[in-house]
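Student: There's a structure below that I have some questions on.
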Amino acid sequence: MQASQDHVVSIEYTLKNAQGEVLDSSGDQPFSYLHGAQNIVPGLEKALEGKAKGDQLEVNLKPEEGYGPRRDELMSTVDKSELDQIPNIEEGMQLQAQTPQGIQIFTVTEVTGDKVTLDGNHPLAGHDLNFSVKVIDIRKATSEELEHGHVHGPGGHHH
Ligand code: ZN
């Protein structure tokens, strides 16, 4: 069986940046995703297309094939008073906000006086991504998984 549209693919992976620092990994349990449903970054999904159980690959992605380039228009500065429901706001905190496009994560990049600078870019936007990947298993997705657009069960989204 090959990694292709409507299959659940389980992988072990390590993600490093251009400096070789580990940013993320699958950890103790393989990570499972629904192929063709944009569960993972586009370049990684493309590289896995047609791969089989046991295959290992190195995937080096430019930001455009990963989390996209950084976009300055996603930076904003707001008055601290607008965030007064959040106690002790400080640099490095991540905040969730409900927007018309869904839940968005903002990182607090600066707090000066009564102003707070928020960055709505994905933390990995603008970064080169270097994945080491091993395909652990591939199976057909269930109709419920296809309907939801994500994987159920071990390594998946919810149970
Ligand atoms: Zn579901």
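Student: Might you let me know whether region 62-74 holds any residue that is in a strand (DSSP E or B) and more than 16 Å from the ligand (Cβ to nearest atom)?
Tutor: Checked against the condition, which is being in a strand (DSSP E or B) and more than 16 Å from the ligand (Cβ to nearest atom), region 62-74 yields no hits at all.
Student: Quick one: how many residues across region 25-58 are touching an Asp or Glu at 6+ places or on another chain (Cβ under 8 Å) and basic (Lys, Arg)?
Tutor: The qualifying residues number 2.
Student: To continue, here is another question. Answer yes or no: is there a residue in region 15-24 that is among the β-branched types (Val, Ile, Thr) and either touching an Asp or Glu at 6+ places or on another chain (Cβ under 6 Å) or touching a residue at least 12 places away in the same chain (Cβ under 8 Å) (or both).
Tutor: For region 15-24, residues among the β-branched types (Val, Ile, Thr) and either touching an Asp or Glu at 6+ places or on another chain (Cβ under 6 Å) or touching a residue at least 12 places away in the same chain (Cβ under 8 Å) (or both): absent.
Student: With respect to the numbered conditions (1) under 19 Å from Asp72 (Cβ atoms); (2) of a type outside the set (Ser, Thr, Tyr); (3) within 16 Å of the ligand (Cβ to nearest atom), which one is the sole condition not fulfilled by Ala141?
Tutor: Of (1) under 19 Å from Asp72 (Cβ atoms); (2) of a type outside the set (Ser, Thr, Tyr); (3) within 16 Å of the ligand (Cβ to nearest atom), only one is false for Ala141: (1).
Student: Here are some conditions: (1) in contact (Cβ under 8 Å) with a residue 12 or more places away in the chain; (2) more than 18 Å from Lys140 (Cα to Cα); (3) under 19 Å from the mean Cα position of the chain (by Cα). Ser10 meets all but one. Which one does it not meet?
Tutor: Answer for Ser10: the failing condition is (2).
Student: Residues in region 78-94: is at least one more than 16 Å from the ligand (Cβ to nearest atom), surrounded by 13 or more Cβ atoms within 10 Å (Cβ to Cβ) and among the charged types (D, E, K, R)?
Tutor: Yes, region 78-94 has at least one match.
Student: If you don't mind, another one. Can you tell me which of (1) part of a strand (DSSP E or B); (2) surrounded by 15 or more Cβ atoms within 10 Å (Cβ to Cβ); (3) hydrophobic (A, V, I, L, M, F, W, C) is the one Ala125 doesn't meet?
Tutor: (1)
Student: Taking only pairs six or more apart or across chains, which ones have beta-carbon atoms under 7 Å, a first residue in region 39-64 that is on the phi > 0 side of the Ramachandran plot, and a second residue that is surrounded by 11 or more Cβ atoms within 10 Å (Cβ to Cβ)?
Tutor: Gly50/Gln2; Gly50/Ala3; Gly50/Ser4; Gly54/Val135
This table checks each residue for (1) within 16 Å of the ligand (Cβ to nearest atom); (2) assigned by TED's automatic domain parsing to the domain that holds Glu12; (3) closer than 12 Å to Leu34 by Cβ; (4) in contact (Cβ under 8 Å) with a residue 40 or more places away in the chain.
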{"site": "Gln98", "(1), (2), (3), (4)": "no, no, no, no"}
{"site": "Thr109", "(1), (2), (3), (4)": "no, no, no, no"}
{"site": "Gly113", "(1), (2), (3), (4)": "no, no, no, no"}
{"site": "Asp137", "(1), (2), (3), (4)": "no, yes, no, yes"}
{"site": "His150", "(1), (2), (3), (4)": "yes, yes, yes, yes"}
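The values are calculated or read from the model by the stated rules, or taken from the named source; none is laboratory data. The structure presented is a predicted model; accordingly, all values stated were derived computationally and were not measured. Here Cβ is always computed from backbone atoms with ideal geometry, including for glycine, and neighbour counts include all displayed protein chains.
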